[in-house]
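This report refers to the structure that appears directly beneath it.
The values are calculated or read from the model by the stated rules, or taken from the named source; none is laboratory data. It should be emphasised that the depicted structure is a prediction, and the values quoted were computed from it without experimental measurement. Backbone-built Cβ (ideal geometry, glycine too); neighbour counts: all protein chains shown.
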Amino acid sequence: MPGLAENSIVYQYRVIKKLQETPLWEDYLVEHLFLGCKHRLRIISSKLTNIPECSKIITRNIKEFAKLWHPYLLRIFLCGEFDTNFFYTFQHFEGESLQKQFLTEKIKSPEDFYKFHSKLLDIIIYLNQQNVSCKDLHLNDFVLENGEPLLINLNIFYQTPKYLMTPDFAGVGEFITNIGGIFIEREPLKLKDSLLAFARIMYQTIGWGTLEDALRIKQREQSAYTKKKEKHYAPLVPGIHIGIENIILRALADKNEGGYASLKELADDLHSLILKQEKETTITPFIECEIEPQSTEQEPSLEIKETPEPSEHSSFTPPEDLHLSDYSTRESTVPEISIHLPHPGKKRLNVRKIFVPLVITICLLSLLYFGIDIIRGVWGRRNLPPVAKATTPTNFVPVNSKVILDGSTSYDPNKDRLSYYWDVAKGDTEAVTFVPNRTIDASKTTAIFKKRGVFTIQLRVFDGTNFSPPAILVINVY
Amino acid sequence: MQEQSSKYHIQEAIFTLKRYSCFEAIQRDFERPVLFNQIQLYYSDSPESLKDCEREIKRWSVLQHPNLPQSIDGWTEEKRLVFIWLAPRGVILESVIRQKKTPELHLAIEIAIQMASVLRYLHQQGLYHGSLSPNCFSLIYEKWIILLRTSLPEILNRIFEQADTGLRQKVNIEKLKRADITGWGKIMGALLTGDPYFEYKKEVNVKTPLIDAIPSSIQHKFPGVAEKFATILLKAMCSTLQPQQGYTSFDELYKDLVQLKEIYLSLNNTNS
């Protein structure tokens, strides 16, 4: 490696200082001579670039990364050669790793929690849309830069040729495969990778360690796991963790076992989870049902086991037979999550398959029984527009006084609930305030006139489908 | 410097302004689009004006904001100054407005926040635009806003004009600040209503068209949001004509927008 001295010049850059050094690459803080801004410059050792295959992989990956654009993704600027070494420059960042931020509880409010997760999910969705797999994404691949998350891990790679993994190329193959952040893969989209990445990040966020470790601990010793989990619940708002568990489980589960079918579904769950905060989450708990093997003469009996009602210290019990096929190896293919039969002869069913049709049947029957009148009422006549009527006790008011405007005699022929919209049709709109307005409660509103003049006030009512023609009032403010 | 120029392949002019030209180019190493900005130099240009010009470019190059193009390269040649900005290819906001592609309420709020955020950041750095219009912004992936056309071209032109004429133009910062707030309001109003000439007029009801631009079913689902959004836009739009009633800074405006987004999100959650 060339080992650049301070103030030496590389391309259009002046070296300020060395930031990081490994046997295979070095990072420098540099200043652009013309622009005056600070960038990071990474020089890749010729040990890597002298291997044609390796050089090809590195340049191709940097190109692929450079083509991506997202506000929370590190930006690559330039690349070139310097003393037979390949270099590239990218955005300089100084922030701390997001993992550190979460673990030191600098980010602990539900607002921050939501803010960060929705942003991290946004970038995962973007990478997914670009067909970029991100199965190895970790929380420490992000830093907090100017209050925003920034995905910084630049070690992107295609499949590493096997010969680079042999002892002759000690370290080289590892560099390309094991320091990975984003796996640029122009292969059929792998939703599972993105879901897994998000589940892992969520897991790390709440301080449970890595997802893989936690699940292994869980399998070994339930009590130790619960203890660890309870310790880290403390900084979080009660109620959130139950939803987190559900999101993680759904992200890991297969689609036909209640897993997410799209990242949007996950985003919606996350959204509703954080906003509900102290309330219980609305995400359906996992319900298992087992059919006990019976003798052929008897009808099979149905035993439904529902996961216990979530409480603040409820223990996290992923299905016992949830197998994660080696998450830890980065070369492994997408982890397969399979639900196996716990005992031979026992059959596990998803209760939704029984429950949902049952509910639909009950609803249809009720509708048939009670709803004939409703159906007649709704379908038998057209939705007519409402009628607005407005009155006021006086049309002459002094400036800055309050006047009650009454629209309560407005009506809807279909007897729908009405919302009342008061506006200034003519006159200075900023000089009039209506309290309340545009709600069901605004049938009687108080208008405050801050200026003298003649104001034409209009009331329109809304029945959920149609607006009424306006009712007009003229107020003279003196 | 020939070597540096060869790293970029110029494709088409985006806009030109006296000495300043902005082209779309392809950065050959990465095969990605960039903005190639060049300033024409003359032998008669004084060293002071060149220095001022370089200082301004440096001032813009250190800026970092998700909604601003990022400076990636630059150099001086005999007859021109060149600097490269990284900005992904998007759709100019003006064409979005002309096609009357009114964004959904949540997206409109998001765009409004991003635009306000970048302008707030620039104002905090003491940089004002003064002539914002929908063709200054680009919409990326139908979600992200980038301020493509900054005030830098005008600033650089002013430097050379001042050097040529010897007259120092006075810049009224307060006026520029207000103009940016009003400009923001007008752009958002145009985006919502699909009317490129939408603007604030005294004694005319501007609020109702803004509210009506949001479908009544959405208004019903999010009671009060359309009203508040329209009030914010109106308050921004009247910043120049009626300064007492308008916003005085992007900080105030941004705060109201964030509050609006929170209301929207909480209602969205209730509805779901």
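If you go through segment A:30-60, how many residues are within 14 Å of chain B (Cβ to nearest Cβ) and not in a loop (DSSP other than H, G, I, E, B)? Break it down into steps so the answer makes sense when it comes.
Applying the first criterion (within 14 Å of chain B (Cβ to nearest Cβ)) to segment A:30-60 yields A:30-41, A:58-60.
Remaining after also requiring not in a loop (DSSP other than H, G, I, E, B): A:30-32, A:38-41, A:58-60.
Residues flagged as within 14 Å of chain B (Cβ to nearest Cβ) and not in a loop (DSSP other than H, G, I, E, B) within segment A:30-60 amount to 10.
Of everything in segment A:9-41, what is charged (D, E, K, R) and either more than 18 Å from residue B:71 (Cα to Cα) or out of contact with any Ser or Thr (no Cβ under 9 Å at 6 or more places or on another chain) (or both)? Give them in sequence order.
A:17, A:18, A:21, A:26, A:27, A:31, A:38
Give me the strands (runs of 3 or more DSSP E) completely within segment A:377-461, filtered to those with at least 2 residues that are in contact with a helix residue (DSSP H, G or I) (Cβ under 8 Å, 6 or more places away or on another chain) and either under 28 Å from residue A:478 (Cα atoms) or touching a residue at least 60 places away in the same chain (Cβ under 8 Å) (or both), ordered by residue number.
A:419-426
Looking at segment B:32-60, which of the residues that are aromatic (Phe, Trp, Tyr) and buried (at least 20 other Cβ atoms within 10 Å of the Cβ) is nearest to residue B:147 (Cα to Cα)?
Among residues in segment B:32-60 that are aromatic (Phe, Trp, Tyr) and buried (at least 20 other Cβ atoms within 10 Å of the Cβ), the one nearest to residue B:147 (Cα to Cα) is B:60.
Output the residues belonging to segment A:387-420 that are closer than 21 Å to residue B:209 by Cβ and at pLDDT 85 or above.
Scanning segment A:387-420 gives A:388, A:420.
Being modelled with pLDDT under 80, surrounded by fewer than 18 Cβ atoms within 10 Å (Cβ to Cβ), closer than 24 Å to residue B:143 by Cβ and not aromatic (Phe, Trp, Tyr) narrows it down to one of A:153, A:131, so name that one. Show your work before the answer.
Values: A:153 fails: surrounded by fewer than 18 Cβ atoms within 10 Å (Cβ to Cβ).
Matching residue, one of A:153, A:131: A:131.
It is to be established whether one or more residues within segment A:97-106 are acidic (Asp, Glu), modelled with pLDDT under 85 and closer than 30 Å to residue A:198 by Cβ.
There is at least one residue in segment A:97-106 that is acidic (Asp, Glu), modelled with pLDDT under 85 and closer than 30 Å to residue A:198 by Cβ.
For segment A:71-80, which residues satisfy the criterion of being of a type outside the set (A, V, I, L, M) and either at the interface with chain B (Cβ under 7 Å from one of its Cβ atoms) or within 23 Å of residue B:36 (Cβ to Cβ) (or both)?
The answer is A:71, A:75, A:77, A:79, A:80.
Just give me the residues in segment A:462-478 being in a strand (DSSP E or B) and more than 12 Å from chain B (Cβ to nearest Cβ), in sequence order.
Applying the first criterion (in a strand (DSSP E or B)) to segment A:462-478 yields A:462, A:467, A:471-477.
Across segment A:462-478, the qualifying residues are A:471, A:472, A:473, A:474, A:475, A:476, A:477.
With the condition kept exactly as written, say whether any residue in segment B:105-116 is modelled with pLDDT of 90 or more and either polar (S, T, N, Q) or within 26 Å of residue A:78 (Cα to Cα) (or both).
yes
If only one of A:47, A:63, A:56 is closer than 16 Å to residue B:27 by Cβ, modelled with pLDDT under 90 and out of contact with any Gly (no Cβ under 7 Å at 6 or more places or on another chain), which one is it?
Numbers: A:47 fails: closer than 16 Å to residue B:27 by Cβ; A:56 fails: closer than 16 Å to residue B:27 by Cβ.
One residue alone meets the criteria, A:63.
Those residues that are more than 18 Å from residue A:35 (Cα to Cα), in contact with a helix residue (DSSP H, G or I) (Cβ under 8 Å, 6 or more places away or on another chain) and either within 13 Å of chain A (Cβ to nearest Cβ) or assigned to a helix (DSSP H, G or I) (or both), I need them from segment B:21-59; list them, please.
B:29, B:30, B:31, B:32
For (1) closer than 17 Å to residue B:155 by Cβ; (2) touching a Phe, Trp or Tyr at 6+ places or on another chain (Cβ under 7 Å), each residue gets a yes or a no:
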residue: B:33; (1), (2): no, no
residue: B:36; (1), (2): no, yes
residue: B:43; (1), (2): no, no
residue: B:52; (1), (2): yes, no
